[in-house]
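The values are calculated or read from the model by the stated rules, or taken from the named source; none is laboratory data. These numbers were taken from a predicted model, which means no experiment stands behind them. Here the Cβ is made from the backbone with ideal geometry for all residues, glycine too, and neighbour counts use every protein chain on show. Just the protein is used for accessible areas: all its heavy atoms, side chains included, with ligands, DNA and RNA removed. Shrake-Rupley method; radii C 1.70, N 1.55, O 1.52, S 1.80 Å.
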Amino acid sequence: MFLPIVVTLLGLWSVGGKTIDFTINSIKLKVLPSTNLRNGDKVELQCDVMIAKTSELQLNSTITFYMDDTKIFTTNSSTQDQASYTIPKARASHTGIYRCDVSVQNTTQVSEEVEIKVTGLSSPLISVSKNQTSEGDDVTVRCEAPEEWRMMTFTFYKIIQKGKEKEEKKSKGSTDNHMEVKFRIKEGEEILQFKCEVQLVVTSETSPPSKMQTVTVVAQFSTPRIEVSPSLNFTEGKNMSVLCSVQEAPKRSEDMKLTLQKDGQIIDSSTTNTLFYSRVATVEDMGNYTCKVESRKTSKSNSAKIVIIELFPRPHLKLQRTSSNQFIHEDESMTLSCLVDGLSQQTANNLEYKFLTTKRKITRRGGRFHMNAMESLSGSYVCQVTIANITKLSEPLDINIYAPVKSPVLTHIMRSNKTVILGDTLELTCRIQSGTPPITYSLLRGNHTLMQKTIHGDKEARFLVNSSKSHDLGQYRCQATNRNTKMSGKYSNIVNVTIIVPISRVNLTIIPDKGEVEEGAELSLICQVEDGTLPINYLFYRKKGEKMTLMNSTRAKTLSAQYQVGKFSKEDDGTYYCMADNGANKEVTSNYRDARAVLATWKKVVIGVFVSVIILAAITICAYLQMDKKKKGKDITPKKSRSSKPVTANNEKPAVEMKAGEAYYGNVKNEDELHILRTGEESPGNTQQNHQEEQTEANGDRADTPPDAAENNVNVRCWHVREDHTPLARFGEDNGDFPWVQVTSEDVSGPWLHIVGFTFRKVTTSPAVAYVSHHDDRAHRDHSLHLY
């Protein structure tokens, strides 16, 4: 089917100023003579192209042929509009889809696709690696289809020409036009023929078979011959012989081996071409006998079945017991009987029977053997009967005689230390002195069974007990039993196991609890253990620089110990602690407590009484002195007075306010004048003015201080400041004519007032009184000094 070309491709360019055009009108592929061909036909592919162009235009076109999208031929032309591709002899591999295309000036046009079918395959060619071979060798067969190249399947045939024809087939695929396979030459194969055929995968068409190739097989040796004497069927007791023989090839290239087998088991072998086997036949010798000869690559065999008639059956052994126990105990009575079925009682009584064990051989007539059971008689028994040179054995009978267990012994295996600590694993072993295994050992604590073990052979039982709880201590013993139930269940000795519970926590308590002990009193130390096995060893220590041991004591009944320090003193001050140990390889330390000596109560009382008496005496003396000063003050008349302050309307000196740390020297011009410092509240309105005046006077009169003032000055200390203006100090009187009071600078700590020097005129009528408030850095309050 051809599709019309509906797209016109135009090329435009200029030649000498003229425009030149071309277009591809059509392209068509033709197959001559036909698209359906036979193998060997000649076929021609024609690609016709129609191109329209201007007369001046010379075009170069490229025409390409394709088979199944694979390029198979290309041609170029500037004058022809047709191209051809010829296949001289078409083969089945030429079957496929064909097309052609044309390319002009970068313009391409493709034809319609055409399917070509070629039927018929040529017979393949076959060859073999050798025409003569030996059994066990390999023959390589090659099959080839020389004019085909598509994917093919090769099938090989091996035809065995012996009696009824047999065929062996192998198939393999390949993209090559040839294939090789190997065939193994088996025993008995003599003349072989090989052929092959191919099948084209794309068409599923199969070729005719190839010619036959013949291969001759040369045998290395013949099939073995087997001869049996006296015959293949006879009665036991006669001599039986088997002869195997083989004929070898004149030029045998490999060694061979000849074997005789009975029911698949090799009973004799030889490296020669003959093998002879003989013996007195019994019914056990009946079976299939095979002679086999083999080399490295091949083998041949021949078989014969021999039937032997039984003279008398195989005896069987029987045990008779007087006890109904499941297992045989020592000292039981038992009888072994050897019986042969089919014999008369008279014949049986006259036969000689042999009872055989691994340890001894016992002969008895009549086939009965009586014995008392002993452990040493245990073993595997068989009985042997001989009639007319035929000896037969019974099936073995195992007899186990159990001796009772005796005297189990329990042992506690101790390791590095001699104590068992809670959490350790107890290792106990139990062993018996005698008794037939298997032995079942039971470990008991008290009357409670903890675990069991069954031991085969002469071995002890090993028990591991994890002492995770304190109740794991106690009396342990073991019990041993075996299959002799008559005298079983013996108990061992008792092993006492003591498990030490480690000390978990130690606490030290002191009395008095706060650790302050009056001198001469007693300090009690109590070391208490929370849990642990007794006895416990306690050690008390005092740590004051170096560690000092106070007491080492062991308690067997209590979980605590006590130590007293009598007549406690400063030398006994320090840190106290204790340690406890109960042999669990771990000393536990208590908490630490501090203790120190304090003054005794009676000493405090004595000191208090003494201080009280002193204070009372001082108060009495002060009161007396105060009264005496008041009395003397009334009699003093000032001799001289100086005043730098004007008198107010009320005849009062203005108050001067001073701050802490300022110096002031005040002089009174008149004896009747009184210099008084007042607070701002007591002299309202005049505080600032008076303060300035007093300050001026102090600065002006500082140098005018009377010479004798130094002699008459008195240093006065002011005690704790009171904010309620309560008198803190009274200035003393002097004996001079001009009594002065000098308050000097005195640096003291604590509540003492820091005052920078003042000089005051002594008042004649009454002692000068100082009311003081001060600036305390720690209390952050501002204070001032006021004198009246």
If we scan segment 192-203, do we find a residue that is open to solvent by 70 Å² or more (accessible area, probe 1.4 Å), among the β-branched types (V, I, T) and at negative phi? yes
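Give the residue that is nearest to F221 (Cα to Cα), with candidates limited to residues of segment 137-175 that are open to solvent by less than 80 Å² (accessible area, probe 1.4 Å) and in a loop (DSSP other than H, G, I, E, B).
Keep residues of segment 137-175 that are open to solvent by less than 80 Å² (accessible area, probe 1.4 Å), which gives 137-146, 148, 150, 152-161, 168, 170-171, 173-174.
Right, trim to in a loop (DSSP other than H, G, I, E, B) and you get 137, 145-146, 148, 150, 161.
Working: D137: 14, A145: 39, P146: 41, E148: 45, R150: 46, Q161: 19 Å.
Among those that are open to solvent by less than 80 Å² (accessible area, probe 1.4 Å) and in a loop (DSSP other than H, G, I, E, B), it is D137.
Residues of segment 587-635 being under 30 Å from T509 (Cα atoms) and in a helix (DSSP H, G or I), which ones? Explain how you work it out, then say what you get.
Restricting attention to segment 587-635, the residues satisfying the condition of being under 30 Å from T509 (Cα atoms) are 587-605.
Selection gives T601, W602, K603, K604, V605.
Test T335 against the stated conditions and say whether it is loosely packed, with under 14 Cβ neighbours inside 10 Å and in contact with a Lys or Arg (Cβ under 8 Å, 6 or more places away or on another chain). Break it down stepwise before answering.
On the way: loosely packed, with under 14 Cβ neighbours inside 10 Å: yes; in contact with a Lys or Arg (Cβ under 8 Å, 6 or more places away or on another chain): yes.
Yes; evaluated as a whole, the condition is true for this residue.
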Positions within segment 320-352 being more than 60 Å from the chain's Cα centre (by Cα) and free of Cβ contacts under 8 Å to residues at least 12 places away in the same chain, in sequence order: S344, Q345, Q346, T347
When you scan segment 456-475, do you find a residue that is of a type in the set (D, E, K, R), more than 23 Å from Y402 (Cα to Cα) and part of a loop (DSSP other than H, G, I, E, B), even just one? yes
Looking at the structure I just gave you, is K186 assigned to a strand (DSSP E or B) and either touching an Asp or Glu at 6+ places or on another chain (Cβ under 8 Å) or open to solvent by less than 60 Å² (accessible area, probe 1.4 Å) (or both)? no
Restricting attention to segment 290-299, does a residue exist that is open to solvent by 60 Å² or more (accessible area, probe 1.4 Å), out of contact with any Pro (no Cβ under 9 Å at 6 or more places or on another chain) and either in contact (Cβ under 8 Å) with a residue 60 or more places away in the chain or aliphatic (A, V, I, L, M) (or both)? yes
Pick from S103, S93, S134, S111: which is open to solvent by 30 Å² or more (accessible area, probe 1.4 Å) and either over 60 Å from the mean Cα position of the chain (by Cα) or touching a residue at least 12 places away in the same chain (Cβ under 8 Å) (or both)? S103
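For segment 42-56, which positions are out of contact with any helix residue (DSSP H, G or I) (no Cβ under 9 Å at 6 or more places or on another chain), open to solvent by less than 60 Å² (accessible area, probe 1.4 Å) and over 14 Å from Q80 (Cα atoms)? Before you say what the answer is, go through the steps one by one.
As a first pass, look at segment 42-56 and keep what is out of contact with any helix residue (DSSP H, G or I) (no Cβ under 9 Å at 6 or more places or on another chain): 42, 44-56.
Among the residues that remain, those that are also open to solvent by less than 60 Å² (accessible area, probe 1.4 Å) are: 44-49, 51-52, 54.
Listed by number, the residues that qualify are E44, L45, T54.
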Of the numbered conditions (1) part of a strand (DSSP E or B); (2) open to solvent by 50 Å² or more (accessible area, probe 1.4 Å); (3) out of contact with any Lys or Arg (no Cβ under 6 Å at 6 or more places or on another chain); (4) touching a residue at least 40 places away in the same chain (Cβ under 8 Å), E180 fails exactly one; give the number of that condition. (3)
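Could you count how many residues in segment 435-455 are within 18 Å of N484 (Cβ to Cβ), of a type in the set (V, I, T) and in a strand (DSSP E or B)?
Step one: of segment 435-455, the residues within 18 Å of N484 (Cβ to Cβ) are 435-442, 452, 454-455.
Next, from what is left, pick out any that are of a type in the set (V, I, T): 436, 439-440, 454-455.
Applying the additional criterion that residues be in a strand (DSSP E or B) yields 439-440, 454-455.
Going through segment 435-455 one residue at a time, the tally reaches 4.
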Go through segment 1-100 and tell me which strands (runs of 3 or more DSSP E), entirely inside it, have 1 or more residues that are modelled with pLDDT of 90 or more and out of contact with any strand residue (DSSP E or B) (no Cβ under 8 Å at 6 or more places or on another chain). 70-77
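Considering K359, K318, K305, which residue is open to solvent by 70 Å² or more (accessible area, probe 1.4 Å) and in a loop (DSSP other than H, G, I, E, B)?
Working: K318 fails: in a loop (DSSP other than H, G, I, E, B); K305 fails: in a loop (DSSP other than H, G, I, E, B).
Exactly one residue qualifies, and that residue is K359.
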Residue hits (segment 218-244; of a type outside the set (D, E), open to solvent by 30 Å² or more (accessible area, probe 1.4 Å) and free of Cβ contacts under 8 Å to residues at least 60 places away in the same chain) are S229, P230, S231, K238, N239, L243
Within segment 584-604, the count of residues that are more than 23 Å from Y563 (Cα to Cα) and either modelled with pLDDT of 80 or more or within 55 Å of the chain's Cα centre (by Cα) (or both) comes to 2
